[in-house]
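So the structure is just underneath, and the comments pick up after that.
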Amino acid sequence: MAHLDRHGNLDRLGCGRISNWDPRATMRRITFGARSWDSLAAFAAVMQVHRSTAWAWLKNGEVERIMARVIQADGRKAKAGAA
């Protein structure tokens, strides 16, 4: 009964824990102004925060915080290029 309540059908009853999750299926391009990143993970890496933090910033529209991190990333990139 719990399976039926949870899933609404008995199609997977007794199948055990299976997963058809494909990580590429959740990849989407992140665009912020004129900048874009291939995925949320790439965006978070540039911002130097965890994916969940980056997602929360995007979801909550924290433009100032994201812009500050973009400027910091540009500074790091310019400094690394000058060295």
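No value in this document is a laboratory result; all are computed from the given coordinates. A quick note: this is a predicted structure, and the numbers were derived from the prediction, not measured. Counting neighbours? That spans all protein chains shown, and the Cβs are built from the backbone with ideal geometry, glycine included.
Quick look at the numbers
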quantity: Residues listed by number, the range 51-83, amide nitrogen under 13 Å from Ala45 label point at 7 Å toward C-beta; calculated: 51
quantity: Length added when fully stretched, Lys59-Arg28, from 0.36 nm per residue minus Cα-Cα; calculated: 9.7 nm
